[in-house]
Amino acid sequence: MNLDMPNSPSRIGVLPSSSRIKPASSRIAIVSPAGKSPNKSPEKGDQNRVQDKVATLSKPIIEDITESGVHIICPTGDLIILVQVNRNNVTEEIKFRVCSASLRKESVYFNVMLQPDQFQEGRLLAASKGTFIPSQPPPLEALPVITIEDIGRISNIKSVNLLMIDVFKILHGKEIARSSVPLSNLANMVVVADRFDALQCLANYARTKNLYGRLDSKLFPNQSAASTISLSTTALTSLDEDRINQQAYISLNLSHAPWFYNSTLALIMNSTTSIATEHEADEDSPMWHDLPITLRDELTYRRQCILSTISSIQDYFLQQYMSSTKRQCRNGDYACDLFQLGQMVRFFSKIATLDISRSLLLNDTTSSHQRLDKEWNINRLIESLRSCPEYQIDNYHQHCGLRVKLLPCLTVLQEAVLQAGLCLDCWKSSNRWECAWTGAKGPLIWKVGTNNVDTVSPCGKNHGVIRDMFMAVDRIWENDR
Ligand SMILES: [Zn+2]
Ligand SMILES: [Zn+2]
């Protein structure tokens, strides 16, 4: 939430007297998706054609704009917002005719700024209203102008006009021209809505217009239920880091739980720079590159716990085969155990999960997750382990090796990893730390096939079972041990 106060010192002015309101017929590019343009009332047939045009055009559509360069968001609006954006050392100025009541209703920022007795902007607006003729839309040139210099850290988009038109239209309860909003546009809209403290309004719009569902079907065309918590690991890892960050940022701010879950899981699974602890905020980069530090810490910690758990499988079986007290071979043959141990070391070294120079220090539990390089993609790591061949010293020793023991563990692991994303309900609740992994204490021992009892989380789900598995001090990866 952005609690900044309105621009100070106030920058207020009125349009130059040369700015004359033009009759509707002389305006350019008059296109309104719902045929709601008050400047022109097309016949029904025209209206349908206009709507069809809007639906089929791939290019963005410029809404009503006067020749004096004012975008008309509300034709009867009582205020001009002048947005000044400095990009690449060039200052763009864009004007919008808006309705102050609509802005005040949906945006805490504008509500505070436009109070008649608080700031200069509000006082000027109140004073200008006294000069208008009641029951007539005030002339454009008579409207007070309020300058907004900061719309938040958006990405380097082509057109700030279109972004601001969309945001202002949504704040006015109007439909935007495109039914399907690209992910980066939605992320930029969240940045501006957050700046104006109007996230709830955008969240309502995104939900009622099903922006998430439309984007899901574009991003994951082969995934039938992409907006539910059922994305395959392949789908999760197919998105690039910027898109995953955008989804996390949007879902956190607009409270869309499925995206929050999926994007946080993707950030945990992939090796990403945005959650790295050494990540530093770049003041020129868009807001979604700076997820809240508590969230980043939680994601980093979950990733470390998962890598540590994967490492523990490797450590566990190496220890079992190195043990001189219990034979792993089905025929109790020591030579078979030694052969399998050799094959295991060779296999783990080949897929680079084992560094022979130091990883045989098996009791060094503090460094276990560090042995797995942080560039690992967790999904690919598990798949690499799954490729373990079935070695046998001879035909009397089938199924004595690692593969038959390892595959069930990897199945358990893979299912658990898919449940390691963050639950938005819990993360946003006052009881966040009951469900967070950071600061929590894991059990001393976790055994495969057991479901540890845990109290139910605030959201009604039991996240503790998965947390216990990934946070246990020690893990037993076989049922009969
Ligand atoms: Zn054997
Ligand atoms: Zn929960």
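Please list, in order, the residues from the range 389-404 whose amide nitrogen is less than 20 Å from a point placed 7 Å along the Cα→Cβ vector of Asn479.
Residues passing the 20 Å test: 399-404.
Can you give the extra length, in nm with one decimal, that the chain gains between Asp240 and Gln84 once fully stretched, where that is 0.36 nm per residue apart less the Cα-Cα distance?
53.0 nm
By per-residue mean of other Cβ atoms within 10 Å, what is the highest-first order of 345-351, 183-189, 314-320?
Packing proxy ranking, top to bottom: 183-189, 314-320, 345-351.
If each residue's Cβ is checked for other Cβ atoms within 10 Å, how do Ser263, Ser217 rank with the fewest at the top?
Ser217, Ser263
Extending each Cα 7 Å along its Cβ direction at Ser159 and Asn462, get the distance between those two points in nm, one decimal.
5.4
Which FRET efficiency value, to the nearest 0.05, do you get for Glu175 and Ser68 by plugging their Cβ-Cβ distance into 1/(1 + (r/R0)^6) with R0 = 22 Å?
0.30
Would you mind calculating the gained length between Asp394 and Thr91 on full extension (0.36 nm times residue separation, minus the Cα-Cα distance), in nm to one decimal?
101.4 nm
Please list the non-local residues whose amide H lies under 5 Å from the amide H of Asp474, H modeled 1.01 Å from N, same-chain partners needing a gap of 5 or more.
Ile445, Trp446
In nm, give the distance between the simple-model label positions of Asp355 and Val412, each being 7 Å from the Cα along the Cα-to-Cβ direction.
2.8
How far apart, in nanometres, would the label points at Thr294 and Lys218 be if each is projected 7 angstrom from Cα along the Cα-to-Cβ direction?
3.3
Bear in mind these aren't lab numbers, they're just calculated from the coordinates by the rules spelled out. Since this is a predicted model, take the numbers as computed values, not measurements. All Cβ positions, glycine included, derive from the backbone under ideal geometry; neighbour counts span all protein chains shown.
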